[in-house]
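A quick write-up on the structure given underneath.
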Amino acid sequence: MAGHKKTDPMTDEANAQLDQLGRALLLHASASNEAEAEAVAASPFAYTRLRARITAEHERRAGGETWLTLLGVVWRSVPAMGLVAVFAFILFWTSSFGTTSPGVLSDEALMDARDAGIENVVFADRRTLSSDDVLATILQGDERENSR
Amino acid sequence: MADNSDSRALESPPHSNVEPSDVELVSRAVADDETAFEELFNRHRRRVSLIASRFFRQREQIEEVVQESFMKAYLALPDFSNSQENSFASWIARIAFNACYDELRRMKRRPESATSNVSEEESAWLKAQLRSQGAGDDVEAAAVARDLADKLLARLSPEDRLLLVMLDVEGLSVAEIGEMNKWSISKVKVRAHRARASLRRVLERFL
């Protein structure tokens, strides 16, 4: 143990004594518990307790596996869900861009529409028309007819 | 290390009711035979209890190690290489030592398991034992030695204590310890040297 180093013989002797004492203490500490060990080994329901423990451990692992499986499914679905979200956004963006222009949807554009029926519907959606509004609309219509 | 039950089975006359070997029992247990694992448990639990008693004094702790060891063995049984006659005995012993090591580490972490001081009387006894080369044989001396040993060994790290018990109490060879812990022989020797040095330091503090 000391290797090739030069050691003091007194130190070696002291170490040997301490090693011997340590070994004796280890043996005392270990040997004195054999009666307890025998009692545990002779315990009558040890196997029943072991079975219960194994069953509990199986259940615990099964519960853990369920969570892990769920986590795995969620984890795997993240890219797919992201892809679907991107696709939906692109679809929404292109459809709104292709069919209508911002001007068509504005109130001012609707006001300028030639079909008075459309105006009425749009106004009906927005607010209740007052009698003045109705009168003004009729007069406006008449003026247009006259101008033609 | 090896259990005597196998050698007893081999010595029995051929016409008698020969007990199944560990290899056979393990094969049956892997195939969900409950009685086979119970037989393995009954065959090896004394050995596991003795290993646990090398480290722990309380019955509950010894029981805990026994239960933990066999539970781990049961769950790992499908992965066990069931090739040699005595391998299950060695395997369960290794699992038991690991369970003891885990329990020692848990104890070390608990604040209530702080090491108690060695009294002056115990220190004087230790010095007397050093002069007389070893602990005495009478009952009183044995009781003092046991208490003192527990106090002193609690100051060692779990690794050092495990190795010293394997070497000095279980009488395992360096090769066996290496095989059990998957260490090289030189690593076992270095660790054993350090463990002895640690124990010497602990003893010197109280001499």
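The values are calculated or read from the model by the stated rules, or taken from the named source; none is laboratory data. The model shown is predicted, which means the values in this text are computed figures rather than measured ones. We place every Cβ from the backbone using ideal geometry, glycine too, and count neighbours over all the protein chains shown.
What do you reckon, is B:Ile185 touching a Leu at 6+ places or on another chain (Cβ under 9 Å), over 19 Å from A:Leu18 (Cβ atoms) and either buried (at least 18 other Cβ atoms within 10 Å of the Cβ) or not small (Gly, Ala, Ser) (or both)?
Values: touching a Leu at 6+ places or on another chain (Cβ under 9 Å): no; over 19 Å from A:Leu18 (Cβ atoms): yes; either buried (at least 18 other Cβ atoms within 10 Å of the Cβ) or not small (Gly, Ala, Ser) (or both): yes.
When the stated conditions are applied, B:Ile185 does not pass them.
Filter region B:161-182 for residues that are in a loop (DSSP other than H, G, I, E, B) and either over 26 Å from A:Asn33 (Cβ atoms) or touching a Leu at 6+ places or on another chain (Cβ under 8 Å) (or both) and give the result.
B:Lys182
Does B:Val118 qualify as being touching a Phe, Trp or Tyr at 6+ places or on another chain (Cβ under 9 Å), modelled with pLDDT under 90 and not in a helix (DSSP H, G or I)?
yes
Sort out which residues of region A:11-58 are at pLDDT below 90 and more than 9 Å from chain B (Cβ to nearest Cβ), and write them in order of number.
A:Thr11, A:Asp12, A:Glu13, A:Ala16, A:Pro44, A:Phe45, listed by residue number.
Looking at region B:30-73, which of its residues are in contact (Cβ under 8 Å) with a residue 60 or more places away in the chain and either buried (at least 18 other Cβ atoms within 10 Å of the Cβ) or more than 8 Å from chain A (Cβ to nearest Cβ) (or both)?
B:Ile51, B:Arg54, B:Phe55
Does A:Ile90 count as assigned to a helix (DSSP H, G or I) and within 14 Å of chain B (Cβ to nearest Cβ)?
Here the answer is no, as A:Ile90 does not meet what is asked.
Is it the case, given these coordinates, that B:Ala149 is modelled with pLDDT under 70 and either part of a helix (DSSP H, G or I) or touching a Phe, Trp or Tyr at 6+ places or on another chain (Cβ under 7 Å) (or both)?
No, not satisfied.
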